[in-house]
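> My structure is below; once you've seen it, I'll send some questions.
The values are calculated or read from the model by the stated rules, or taken from the named source; none is laboratory data. Note that the coordinates shown come from a computational prediction; the quantities given were computed from them, not determined experimentally. Glycine also receives a Cβ, built like all others from the backbone with ideal geometry; neighbour counts cover every protein chain displayed.
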Amino acid sequence: MTKSIPQHTLIFFFLLLTYAQSQTCPLDFTHVSTIPWNTTDCQSYNKSTETKNSCCQSVVSLIGIPLAHRLKQTSNFRLPDLSTSISCLNDLQTKLNSLSLPSNLTSVCFDPNQFVINNETCAGIQTTKDWVSRLGPTTALDSACSSGLTDLTRCDACVAAGFRVQKQLINLDGNSSHGVYCYHFAVLYAAGIVNKKGPESDDALSCLFSLSLRSSFSSKKKRHTVALALGITGGVIGALVIAGLVGLYLRFGKVVKGGGEVGWEDQESRPKWRPNTGSIWFKIEELEKATNSFSQKNFIGRGGFGFVYKGVLPDGSVIAVKKVIESEFQGDAEFRNEVEIISNLKHRNLVPLRGCSMVDEDSESQRYLVYDYMENGNLDDHLFPRVETPKTPLSWPQRKSIILDVAKGLAYLHYGVKPAIYHRDIKGTNILLDVDMRARVADFGLAKQSREGESHLTTRVAGTHGYLAPEYALYGQLTEKSDVYSFGVVILEIMCGRKALDLSTSGSPNTFLITDWAWSLVKAGKTVEALAPSLLAEEGSGISNPKAIMERFLQVGILCAHVLVALRPTILDALKMLEGDIEVPPIPDRPVPLAHPSYRIDGNGFTISPALSGLQIYPGDMLR
């Protein structure tokens, strides 16, 4: 049977045929074929929601570049009318076609109306004259975004300034639903007017537009992408907020010598213990030999902040070597300090750090982290296996054990070390399974130490959409309960057999958010309907009263993933509930879930009830 074409796609093509030839696009898309942007996701955009979103995020950055140029030349933030917007998207698609990319990318990613100016977009601003009249001759952007944005600290300051200007504009507008558009205007103004090097400079590409670029890992500048999220998560004010990625360059310093530090020149050929730590510092030649020179055959996959390779040491032990490409380490001294902290974490349910390596390349330091190899991969691959690598569904005893293992690992990070450590990116791919299928929490690249009695407030939000706690995603407030929220989402994935977030659920008019879906079923007394079918098939397999235990685990997951911080348990209390030592309290009410009829998808836009936040988000929006 032939699959029907979505109505909005047919309308888009009709508009293209009707208007594209009648207007000339004022935007120059030459950069599409000259900038070395990463086209990988766009080549296979239809294979998953993740690759589609990533592709659209890259393509909309390609539109932002000429829009910023045009802003500088004409003082206009957007295009004058719909027919011009359609003509520009047609020109852009032609450029994409020349790169042998799919011929429908612009229609898949965008509503042409989103690039058309109108008086209702953001505080009545249409031109730079309007901007100055509303905000004055200078804003926070002018001092924070003028230059040097390839530096991590400078880029973060610029992004923070963008948020401050966005808040000013929202206050002037009086309608929070225009918040995304107001941030777009801040990005365009920073790239086109403020930044001294212009929209196609490294400053703009890496920080303001966060365009994913292909780059040599041994080059003098290494691309670094840091996730900054306003969040895709259920929140107190509602919830689906477009997230922004901020890419940037990170310059590495040379290895410090003297003062007790280990310099590579004085190392022997064998692994050498670094003073005052339990970690081994390997020479790069040893890691190259172990991984067959980091060959593609030994490539395991992409982990947080880098690429991971399987290796075998001379003693026969199997290791996983992460070649760090992206990180928050400001320099080699901070890297060594973080390695010392992580290497001292010893727990059955954490992936142990075996050692590390640093090597100078053209005045840059390349970093490597060495871990014990986990034979059974990550949890996500078992819950949601690829078609080409089918796996036997996890049994109930395995799922129960994994949940308890992760809880114990987090409890150690929160309460077993001083100061406490918050992981910030708990998800299935960061939970590894050893040869006995015991779970170990991995990837501490995002981990942050806390001060007792304090929470972090940060403008750089790191983590993964669908797992981010609302207070962290929306306001940058990081506490131990931010990890508890993410842990709750993982419990729900394990118990329900469904992904945390799906923006294109087949056959449904609504997006799927597991926290809202599971909560709605449990509150309606339909707990069993939320459990994974494979779990229900195991009922009566000899385990004492399994369904009641499964329901308890599901309820703990819902409680941990509650949108209100005060209603979440600590990880210690959650562990006690899971083990049956204390009762699970009644599941509390929460703000209207995204599954509520007031949340709907209208064409290409995701619309949330005004009772929540009134935000309207398009998949191709510039803020990521």
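The rows are residues; the columns are (1) surrounded by fewer than 19 Cβ atoms within 10 Å (Cβ to Cβ); (2) outside the structural domain of Thr479 (by TED's automatic domain parsing); (3) modelled with pLDDT under 90; (4) outside any loop (DSSP other than H, G, I, E, B).
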site: Ser534; (1), (2), (3), (4): yes, no, yes, yes
site: Ser544; (1), (2), (3), (4): yes, no, yes, no
site: Leu559; (1), (2), (3), (4): no, no, no, yes
site: His562; (1), (2), (3), (4): no, no, no, no
site: Ala566; (1), (2), (3), (4): yes, no, yes, yes
site: Leu578; (1), (2), (3), (4): no, no, no, yes
site: Asp581; (1), (2), (3), (4): yes, no, no, no
site: Ile587; (1), (2), (3), (4): yes, no, yes, no
site: Ser613; (1), (2), (3), (4): no, yes, yes, no
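> Mind listing whichever residues of the range 428-458 are touching a strand residue (DSSP E or B) at 6+ places or on another chain (Cβ under 9 Å), modelled with pLDDT of 90 or more and in a loop (DSSP other than H, G, I, E, B)?
Once the filter is applied, which keeps residues that are touching a strand residue (DSSP E or B) at 6+ places or on another chain (Cβ under 9 Å), modelled with pLDDT of 90 or more and in a loop (DSSP other than H, G, I, E, B), the range 428-458 yields only Asp434.
> If you check Ser58, Ser33, Ser54, which single one turns out to be within 30 Å of Phe384 (Cα to Cα), in the same structural domain as Thr106 (by TED's automatic domain parsing), within 28 Å of the chain's Cα centre (by Cα) and at pLDDT 80 or above?
Ser58
> Also: Limited to the range 143-187, what total is found for residues that are among the acidic types (Asp, Glu) and within 20 Å of Leu205 (Cβ to Cβ)?
Count: 2.
> Considering only the range 107-120, how many residues are touching a residue at least 40 places away in the same chain (Cβ under 8 Å) and either over 27 Å from the mean Cα position of the chain (by Cα) or over 19 Å from Leu169 (Cα atoms) (or both)?
8
> Consider Glu328 carefully, then state whether it is more than 24 Å from the chain's Cα centre (by Cα) and either at pLDDT below 55 or assigned to a helix (DSSP H, G or I) (or both).
So Glu328 does not fit the description; no.
> Then there's this: Just need a number here: residues in the range 120-140 that are in contact with a Phe, Trp or Tyr (Cβ under 9 Å, 6 or more places away or on another chain), modelled with pLDDT of 90 or more and closer than 16 Å to Tyr181 by Cα.
6
> Hey, among Gln93, Gln166, which residue is out of contact with any Cys (no Cβ under 9 Å at 6 or more places or on another chain), outside any loop (DSSP other than H, G, I, E, B) and surrounded by 18 or more Cβ atoms within 10 Å (Cβ to Cβ)?
Criteria check complete, one pass: Gln93.
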